[in-house]
1. Can you confirm whether the range 69-79 contains a residue that is assigned to a loop (DSSP other than H, G, I, E, B) and exposed (fewer than 14 other Cβ atoms within 10 Å of the Cβ)?
2. Quick one: would you say Glu250 is of a type in the set (Asp, Glu), within 16 Å of the ligand (Cβ to nearest atom) and farther than 18 Å from Thr103 by Cβ?
3. Hey, could you check the range 288-301 for residues that are under 19 Å from Gly97 (Cβ atoms) and in contact with a Lys or Arg (Cβ under 9 Å, 6 or more places away or on another chain) and say which is surrounded by the most Cβ atoms within 10 Å (Cβ to Cβ)?
4. Tell me whether the range 41-63 contains one or more residues that are within 21 Å of Gly324 (Cβ to Cβ), among the small types (Gly, Ala, Ser) and surrounded by fewer than 16 Cβ atoms within 10 Å (Cβ to Cβ).
5. Which residues, counting only those in the range 89-104, are in a helix (DSSP H, G or I) and in contact with a helix residue (DSSP H, G or I) (Cβ under 6 Å, 6 or more places away or on another chain)?
6. Pull up the range 255-275, narrow it to residues that are away from the ligand (no atom under 12 Å from the Cβ) and buried (at least 24 other Cβ atoms within 10 Å of the Cβ), then point me to the one that is farthest from Ala52 (Cα to Cα).
7. Can you name the residue in the range 82-92 that is touching an Asp or Glu at 6+ places or on another chain (Cβ under 9 Å) and of a type outside the set (D, E, K, R) and, of all such residues, is surrounded by the fewest Cβ atoms within 10 Å (Cβ to Cβ)?
8. Please identify the pairs in which a residue from the range 259-273 that is closer than 28 Å to Ala199 by Cβ and assigned to a strand (DSSP E or B) has its Cβ atom under 6 Å from the Cβ atom of a residue that is of a type in the set (Ser, Thr, Tyr) and within 11 Å of the ligand (Cβ to nearest atom), counting only partners at least 6 apart or on another chain.
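The values are calculated or read from the model by the stated rules, or taken from the named source; none is laboratory data. Keep in mind the model is a prediction, meaning the values are calculated, not measured. Cβ sites come from the backbone with ideal geometry, for glycine too, and all protein chains shown count toward neighbours.
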Amino acid sequence: MQADSIGERVVIVRGSGSTVWDAAGRELLDATGGGLWHSHVGHGRRELADAAARQIAELEYFTTFQEFSTDKTIALATRLAGLAPDDLNKVFFTSGGSDSVETAVKAARLYHRRRGEPDRTWIISRDFGFHGAGYGAGTLTGFELMQAGVGPNLPDVVKVSPPYAYRAAELYGEREPTDFLIAELEETIARIGPGRIAAMVGEPVMGGGGVLTPPDDYWPRVREVLSRHGILLVADEVITAFGRTGSWFESAARGMKPDIITTAKGLTSGYFSLGAVLMRDEIGEVICRETGFFHGYTFSGHPVGSAVALANLDIIEREDLVAGAFPMGDRFRAGLAALADVSTVGDVRVVGAAAAVEMVRDRRTREPMPFPEVFALTARIRDEHGIIVRPYAHNIIMAPPLVMTGDEVGRTTAAVVEVLAGSGA
Ligand code: PMP
């Protein structure tokens, strides 16, 4: 987030593995995966620099519009179709996560229109969901600040409650969480009219909302409701795909059975700006009928990005980084267990290589700690211990490169515990 109110910038100039250096020569351990959960293979990978350089020398770019494509773009699409669950074999490339989400929304609406249901324009998303900053994706995002002061935003968007175990009492009252959420979804669909809804968009595990894991029966039951009403399900896997939470696609692990999956971030580990949308064969086929899918970005399917993504996926496979997210999660859980006694810590959540510490002013009322205080704590963790963690709303987020060592995870959790232990005074 760009904001001059946050003071002087820490200017990062170099990186290797899970370590980065700032302009003053200070060494910092990066427990954020490059800041935004995206650096799966870590910093300074020569192999990826070489893949980019080779591709630039061979062919820096050519469009993938209409009758054109490039060999690397096709190779990457084929590779992704092979990794994706079920029949999600049609791949559309974008420049990043927001573009992927907006592409999914357009595809869902067009799919229904081309099949004779033009009234299906509404999109359901969730409070605390994060889907990007573009006008479309930003409207789906469940943080009001994203929409404030810049409207009108995308029409025909409705939000439902998220699965949020720590705040179950205030969100669902006495009701069993999944029962409440399914009833709310059904009521929302009935209110808008099932024949007017195109899709629901949701992260399998909510990232920006604070690593919120749904109950096991949540996604299968949501899927059943949506299928019954002919509504598509879009799994926003911009954070979770390619290993962050211990699976190639977390939607498969959670029983979502999505019709469309959006990706970006870990696809290239941040070495190039690239996203990919994976769709069921039938959706790809329907949206390409008639006048085709008149949609695309100049840098869709960029050959350099595609070459980098292929090399990045090679590393993820070769080093078994997807499975490695689980032992890393265990280390985070063990290291952060000491926060159980800290009065300003409301909840600690860990899913694979993603962790959130929810900060509160008061454990009894669960009142969130104001952002400037959370920000100040993360600045202390950085300045006093040389470790970068990220403040996000009232959560402290850790999502390191998947190559972070056990010792480095231990250093991270020890620093977080030490600083937070003194935060309640
Ligand atoms: N979806 C999710 C789940 C995200 O976390 C993000 C970014 N953090 C986006 C979409 C947007 O991606 P981008 O910033 O690349 O547009």
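1. No - not one qualifying residue is present in the range 69-79.
2. Judged against the criteria, Glu250 is a match.
3. In this case the residue turns out to be Gly301.
4. Within the range 41-63, one or more residues are within 21 Å of Gly324 (Cβ to Cβ), among the small types (Gly, Ala, Ser) and surrounded by fewer than 16 Cβ atoms within 10 Å (Cβ to Cβ).
5. Those that are in a helix (DSSP H, G or I) and in contact with a helix residue (DSSP H, G or I) (Cβ under 6 Å, 6 or more places away or on another chain): Ser98, Val101, Glu102.
6. Met256
7. Checked the range 82-92; the qualifying residue surrounded by the fewest Cβ atoms within 10 Å (Cβ to Cβ) is Asn89.
8. Thr262/Ser100
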